[in-house]
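Visitor: Sending over a structure as structure tokens; questions will come in a sec.
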Amino acid sequence: MGRSRRSIPEELLLLALDPATGTTAQPQSLDLGLAGAQLVELALAGRIAPDGDRIAVVMARPTGDPTLDSALELLRRRGSPVRAVHWIGGPRLGLRQIYLAHLERCGMVHAVAGQMCGVLPTTRYQATDTAISRDIRARLDSAIRTGVPPDPRTAALAALAHAVGLGKHLYPGNEGRSSRSRLRDLIRHDPMGGLVAHAVMDVQNGVAVQPRRPAAPAPGGPMQTQQQSHRGSMARVAAH
């Protein structure tokens with residue numbers, strides 16, 4: 001399969017797949033990263049665009065990718081731009097299994113049935129073409145090593161890899177510390193990738209569930225007027 005047909009969610013999942021164990025690193029945060037990767041892919045396809053910290057649909061025409069089109073339709077039904085952190089933190093868990101099944105249908109991985117402790121059934125996944133995974137990793141390594149600004153896809157992939165915690169999987173130990181730091185720095189090279197990567201990290205840190213504080217009133221605005229007429233305001237409150 002050519003590189004042009006690999007989406008960012010697919011590449012993120014292949015990057016997270018451990019060839020030795022057949023499992024994915026950071027499984028809990030990976031679902032969030034895949035939701036963010038879908039947003040980046042839709043943005044690159046011209047279907048959505050950032051609007052501050054929100055995501056707006058700019059073209060509702062399907063992409064031809066059923067999984068992406070499902071996300072696009074959900075965004076369209078919202079009717080108004082949605083905050084990236086709310087979208088990524090929404091009830092769409094299970095994307096990891098959806099994309100693993102998708103990669104299996106595409107022939108990029110194959111499932112290996114097994115058992116845990118000789119009792120519990122398990123499924124592990126092995127890449128069928130390790131050259132694809134090597135190509136993905138080589139792009140990240142090149143961006144980290146050379147310092148040359150990467151293309152938008154690689155920049156977004158790096159941002160999401162950092163956001164879900166793949167840095168310690170890709171560049172482990174003390175010897176990988178500088179590479180992990182540079183991986184984090186790549187987040188600034190793609191605005192959309194940076195937006196969703198920060199949203200993924202915010203969800204993990206619980207920011208998505210925090211109530212938004214009301215904006216402070218401008219000087220001379222209603223609050224100042226209310227303070228100037230404090231007695232009248234208290235009288236109205238008491239009347240209620």
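Visitor: Collect residues whose amide H, placed 1.01 Å from N in the peptide plane, falls under 5 Å from the amide H of Tyr125; neighbours closer than 5 in sequence don't count.
Guide: Thr23, Val112
Visitor: I'd like to check one number: the per residue accessible area of the stretch 1-95, probe 1.4 Å, reported in Å² as a whole number.
Guide: Spelled out: the 1.4 Å probe surface of the stretch 1-95, per residue, equals 44 Å².
Visitor: Given a 1.4 Å probe and the protein chains all in place, what does the accessible area of Met108 round to, in Å² to the nearest 10?
Guide: Counting only protein heavy atoms, Met108 exposes about 10 Å² to solvent.
Visitor: List every residue whose amide H lies under 5 Å from the amide H of Arg54, counting only residues 5 or more places away in sequence or on a different chain, with H placed 1.01 Å from N in the peptide plane.
Guide: Under 5 Å from the amide H of Arg54: Ala84.
Visitor: Sticking with this structure for a sec: Tally up the carbon and sulfur contribution to the accessible surface of the stretch 60-148 as a whole percent, 1.4 Å probe, everything protein left in place.
Guide: 56
Visitor: If the chain between Arg137 and Arg184 were fully stretched, how many nm would it gain, using 0.36 nm times the residue separation less the Cα-Cα distance?
Guide: Stretched out fully, the Arg137 to Arg184 stretch lengthens by 15.4 nm.
Visitor: Give the accessible surface of the stretch 101-156 per residue, rounded to a whole number of Å², with probe radius 1.4 Å and ligands, DNA and RNA excluded.
Guide: On a per-residue basis, the stretch 101-156 sits at 58 Å².
Visitor: Okay, moving on. If you stretched the chain out fully between Asp69 and Ala56, how much longer would it get, using 0.36 nm times the residue separation minus the C-alpha to C-alpha distance?
Guide: Net length gain for the segment: 3.2 nm.
Visitor: Which one, Pro50, Leu39, Leu17, is farthest towards the positive end of the dipole of the stretch 15-120 when Lys and Arg carry +1 and Asp and Glu -1 on their Cβ?
Guide: Looking along the dipole axis, the top candidate is Pro50.
The values are calculated or read from the model by the stated rules, or taken from the named source; none is laboratory data. Just so we're clear, the structure is a prediction, and the values are computed from it rather than from any experiment. Don't worry about glycine lacking a Cβ; one is built from the backbone with ideal geometry, like all the others, and counts go over all protein chains shown. Quick note on the areas: whole protein, heavy atoms, side chains included, nothing else; ligands and nucleic acids left out. Shrake-Rupley method; radii C 1.70, N 1.55, O 1.52, S 1.80 Å.
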